[in-house]
Amino acid sequence: MKKLVLGTLVGILLFSVFGCAGNKKVKKGLPDSDFKNWPEWYMGILPVEDGKIFAKATETSLKAELAESKATAEARKKIAQTIETKVQNLEKKFDEEIGLGEDAELNSFFNSTTKVITSQVLNGSRLYKNGYAREGQLFRSFVIMLMDDSFAEQFVNKVKNNQQIYQRFRASEAFNDMEADIEQFENFKEEQGY
């Protein structure tokens, strides 16, 4: 009886491990036919013009407007990363050898972590080109965003103006401190009878 129960348990275990695995084919990558509805202008190389930054993105949604909003946000992020990106990287490497001679065992560990931070206010980025395609129930939006140097110049001028305002503030603060010091000195002189 024990052999029958043990045999049944082993059979159930083998069936559950191998029988449920199935033979599903995993789709790797996208076949060329998935790009057939994508516009040529999107698939090509971005324009290059002096003083202009272009970025492209594509996103999907059940609503066309939301797909475009998502793609626009992604393209703006790419423009911001083009302007300024702070990259932090941490790498750890650990090697350990245990044993002697040919019997030694080498254990090695390597870990790399990268963090990308982008913080940029984009004034004047605008939609350069857009389009849509249907993918089943979804809308796919294709966008190319543009930021030209006229807004970059405005940004530089804004920074300069802010620096001038700050310098004026610091100068007025220094004058206020100086007036307070003079008043304090005058009070001291009066107390001393000068």
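FYI, it's all coordinate maths here, none of it is from the lab. These numbers come from a predicted model, not from an experiment. Don't worry about glycine lacking a Cβ; one is built from the backbone with ideal geometry, like all the others, and counts go over all protein chains shown.
Figure legend: label point modelled 7 angstrom from the Cα of ASN37 along Cα→Cβ; residues of region 59-85 with amide N under 11 Å from it are 61. With 0.36 nm allotted per residue and the present C-alpha distance subtracted, the GLU179-LYS52 stretch has 40.7 nm of extension available. Projected label points at THR113 and ILE98, each 7 Å from Cα along the beta carbon direction, are separated by 2.5 nanometres. Its Cα gyration tensor gives region 71-123 an equivalent ellipsoid; the semi-axes, largest first and in whole Å, are 45, 10, 6. Among 56-62, 35-41, sorting by the average number of other beta carbon atoms lying within 10 angstrom of each residue, highest first, gives 56-62, 35-41. Using a cut-off of 32 Å between Cα atoms, the listed pairs LYS36/LYS92; LYS52/LYS93; LYS78/LYS158; LYS63/LYS158; LYS92/LYS129 include LYS36/LYS92; LYS52/LYS93; LYS63/LYS158; LYS92/LYS129 as exceeding that distance.
Each other residue within a Cβ distance under 10 Å of GLU105 adds +1 if Lys or Arg and -1 if Asp or Glu, for a net charge of -3.
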